[in-house]
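The values are calculated or read from the model by the stated rules, or taken from the named source; none is laboratory data. None of the values given here were measured: they were computed from a predicted structure. Every residue, glycine among them, receives a Cβ derived from its backbone with ideal geometry; neighbour counts consider all protein chains shown.
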Amino acid sequence: MLHLRARRSGPVVAAWALAAVVLVSGSAPAAAADFSISGTVTYEGEPLRRYPLRMDADPNCAAMYDGKRVLSRDSLVADDGAVENVFVYLREAPEGAAGDQPEEAVRLEQRGCLYTPRIIGVRVQQDIEIVNDDPTLHNVRALAKANRPFNIGQPSRGTRTKSFRAPEKPIQVKCDVHPWMSAYVFVMEHSFHSTTGSDGKYRIDALPAGSYELVFWHEKLGEQIVEVEVTADVEGLNLTFEGSE
């Protein structure tokens, strides 16, 4: 098991920390695209601040929480340091291989006046089903640059379908009606990506052997890049973000 440490270097866009890593586990290769990269992302340092959301700005939102306080979701770190919502992806696809093109749409829900999931990865031109599960009006504004931006109103209990024609990383999606609502969409040219859950774990499958740059992106902790040589399954490729001193 190998644990990489990455010092926090600014919000959203951070300087790259580049490390050379060779990890080999298991027997000799049995297939050209049969390998995986997996590990856990953690955080060490001063607790990341989470602030109360002003749900009372919309009585429909506040009613869903029965007066309970709701905290921001841009810095979700478990008691054991596991970091949720880190997008992990290959900076470039393997030569001649982009992975299977998904046929199903990716679902982005507006539920409880929050976007769920907060981070999604889609292929170029893959459909995104944007669903309003709430009994209130939302609007969906995509702050795209390489793609055409959009800003659509979405009444309660409605669904809209969108897609993007060009790769772009990441596109922020916001709700102007409820300014605390935010999500990020990574429009990818390949399918080799993963998003950490509440346990901080990620896994990328179906990789051919080769040398890759693995990118770890978090909206508050920044971005780090690790070089990986894959000749068999790569397990325990863990990364730790460190808070500023």
Residues that are more than 17 Å from D127 (Cβ to Cβ) and surrounded by fewer than 18 Cβ atoms within 10 Å (Cβ to Cβ), drawn from region 162-176: Q172, D176
Those residues of region 151-178 which are over 23 Å from W217 (Cβ atoms) and of a type outside the set (G, A, S), in sequence order: N151, I152, Q154, P155, R157, T159, R160, T161, D176, V177, H178
Output for region 156-179, where each listed residue is closer than 30 Å to V70 by Cβ and either of a type in the set (K, R) or touching a helix residue (DSSP H, G or I) at 6+ places or on another chain (Cβ under 8 Å) (or both): R157, R160, K162, K169, K174, H178
Selection from region 47-76 of residues that are surrounded by 11 or more Cβ atoms within 10 Å (Cβ to Cβ) and either touching a Phe, Trp or Tyr at 6+ places or on another chain (Cβ under 8 Å) or within 30 Å of E213 (Cα to Cα) (or both): L48, L53, R54, M55, L71, S72, R73, D74, S75, L76
Residue list for region 174-211, restricted to those being among the hydroxyl-bearing types (S, T, Y) and more than 16 Å from D134 (Cβ to Cβ): Y184, S191, S194, T195, T196, S198, Y202, S211
Matching residues, region 141-182, being in contact with an Asp or Glu (Cβ under 9 Å, 6 or more places away or on another chain) and closer than 21 Å to P59 by Cβ: S156, R157, V177, H178
Cβ-Cβ under 6 Å pairs, at least 6 apart or on other chains, region 53-72 side in a helix (DSSP H, G or I), far side modelled with pLDDT under 95 and loosely packed, with under 13 Cβ neighbours inside 10 Å: N60/P135; A62/D56
Candidates E229, E189 - the one that is within 20 Å of the chain's Cα centre (by Cα) and at pLDDT 95 or above: E189
Matching residues, region 220-245, being of a type outside the set (F, W, Y), farther than 28 Å from D34 by Cα and surrounded by 22 or more Cβ atoms within 10 Å (Cβ to Cβ): L221
Failed item in (1) assigned to a loop (DSSP other than H, G, I, E, B); (2) over 26 Å from Y65 (Cβ atoms); (3) of a type in the set (F, W, Y), with F186 passing the rest: (1)
Options R123, R160; residue that is within 14 Å of the chain's Cα centre (by Cα), under 17 Å from A105 (Cα atoms) and of a type in the set (K, R): R123
Residues of region 99-108 that turn out to be out of contact with any Phe, Trp or Tyr (no Cβ under 7 Å at 6 or more places or on another chain) and either under 13 Å from K174 (Cα atoms) or modelled with pLDDT of 95 or more (or both), as a count: 4
Subset of region 169-183 (residues that are part of a strand (DSSP E or B), in contact (Cβ under 8 Å) with a residue 60 or more places away in the chain and of a type in the set (A, V, I, L, M)): V173, A183
Complete set of residues in region 73-98 that are among the small types (G, A, S) and without any contact (Cβ under 8 Å) to a residue 40 or more places away in the chain: G96
